[in-house]
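Each remark here refers to the structure printed beneath this line.
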Amino acid sequence: MNIELEITGDGSHTLFVPSINEHYHSTYGAITETMHVYIDAGLRACLKSTVNILEIGFGTGLNAFLSLLDAEKTARAVFYTSVERYPLPADKVKKLNYASLIQPSATNLFNKLHDCEWETAVKITPHFTLQKRKIDFSKSDEIAFNSDFDVIFFDAFAPEKQPEMWTQTIFDSIFALCNPHAIITTYCAKGIVRRMLQSAGFTVERLPGPPGKREMLRGRKESTFFP
């Protein structure tokens, strides 16, 4: 698959896939989008002292990298599971400028996120453990996980580009994987996505989006039966 490196509005890289005319991140700013949608609205909105995260789409590793840095800053234990059907080739990873822009001293940690073994839990830092799984999450009803999750980063390609990832079955499966009071965030604010999240059982709110997007979505697994 042909993948091209591009610079976004905040100076950070994204990747462009010409065959589907799709970017991995917002062209207005990859780091800015990730901080807004997944770190601020997702990870930091979870108040648990130990957090289990499930990411749908490891991609460039930017979500994982910023989560790792947040875990080290707050000394909060984060167990991060990420699924990816098509891992990036090493030559593309080495060109990404995230560490140099965010925290140059953590370049080795960014590389370790990509270089560590798949299908096993790897302790990257004292507070951050990563398990990468090379699987097709569109078959989520056939996939077993070792834990339930507190935060979901739903970061698949857009619904019109990857429709098999935006189905009621997918969101039902995610809801079943969530602990009580879990949070799911996504950059996509389409009405059909909001309705599928609600149908799965999430209480959904529209939040202001990152630059270039008016809104994003955040769902919570809420119930009067939960303590």
ask   = Considering lysine pairs in the chain that are 8 or more places apart or on different chains, how many have Cα atoms under 21 Å apart?
value = 24
query = Can you give the calculated 222 nm mean residue ellipticity of the chain, where each DSSP H run of n ≥ 4 adds -39,500 (n - 2.57) and the sum is split over every residue, rounded to the nearest 500 deg cm²/dmol?
reply = -6500 deg cm²/dmol
key: Part-to-part distance (alpha-carbon centres) for region 1-20 and region 152-227, which is given in Å   = 25 Å
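Can you tell me what percent of all Cα-Cα pairs in region 4-220 are more than 31 Å apart?
On the way: 2802 of 23436 pairs.
Result: 12 percent of Cα pairs exceed 31 Å.
Bear in mind that the values in this text are calculations on the coordinates, not laboratory data. The shown structure was predicted, so the numbers you read here are calculated from the model rather than taken from an experiment.
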